[in-house]
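Let me begin by presenting the structure, written as structure tokens, before commenting on it.
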Amino acid sequence: MIKLCAINEIPTEGAKGFSLNGKNLVVLNYRNEIYIYENSCPHRSIPLEWQPDQFLDYEKTFIQCATHGALFQIDTGVCISGPCVEDRLNKIPFTISNNEIFVTV
């Protein structure tokens, strides 16, 4: 396990991108839960954000791919709209200890 960041570095109801050991990750704080996915759209294997740390739709209820607008559920990573419907983002295993997030990549 590798320390990624402190929980308070992830904005409430927001997201933050990281690069670790050659993998791009997105960490989300949604409804007081942390979710971590590989920052790669299953449709084209490209980064999801259009600007640094801009991963969410306008209402902040879905992860949105900036390239083609696919929407992914934050809690499951399942695509519900766009060219990759029913595909899912790759979930990254993690643990939280002493308010710090540790990942396995």
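The values are calculated or read from the model by the stated rules, or taken from the named source; none is laboratory data. Nothing here was measured: the structure is a model prediction, and the numbers come from that model. Please note: Cβ atoms are built from the backbone with ideal geometry, for glycine as well, and neighbour counts cover all protein chains shown.
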The condition from (1) surrounded by 15 or more Cβ atoms within 10 Å (Cβ to Cβ); (2) charged (D, E, K, R); (3) touching a residue at least 40 places away in the same chain (Cβ under 8 Å) that Glu33 misses is numbered (1)
Residues in region 14-30 that are in a loop (DSSP other than H, G, I, E, B) and modelled with pLDDT of 95 or more total 0
Gln73 vs (1) on the phi > 0 side of the Ramachandran plot; (2) within 15 Å of the chain's Cα centre (by Cα): all pass except (1)
Does any residue in region 61-73 that is among the aromatic types (Phe, Trp, Tyr) come within less than 7 Å, Cβ to Cβ, of a residue that is in a loop (DSSP other than H, G, I, E, B) and buried (at least 16 other Cβ atoms within 10 Å of the Cβ) six or more places away or on a different chain, and which pairs are these? Phe62/Ile74; Phe72/Leu89
So, of the residues in region 36-45 that are on the phi < 0 side of the Ramachandran plot and not in a strand (DSSP E or B), which turns out to be surrounded by the fewest Cβ atoms within 10 Å (Cβ to Cβ)? Arg44
Scanning region 46-81 residue by residue, those exposed (fewer than 12 other Cβ atoms within 10 Å of the Cβ), of a type in the set (S, T, N, Q) and either in contact with a strand residue (DSSP E or B) (Cβ under 8 Å, 6 or more places away or on another chain) or not in a loop (DSSP other than H, G, I, E, B) (or both) turn out to be none
Hey, any hits in region 82-100 for a residue that's within 10 Å of the chain's Cα centre (by Cα) and aromatic (Phe, Trp, Tyr)? no
Answer residue from region 31-46, given it is modelled with pLDDT of 95 or more and touching a Gly at 6+ places or on another chain (Cβ under 8 Å) and is farthest from Leu71 (Cα to Cα) among those: Tyr35
Which ones in region 61-83 are touching a Ser or Thr at 6+ places or on another chain (Cβ under 7 Å) and over 10 Å from Pro42 (Cβ atoms)? Leu71
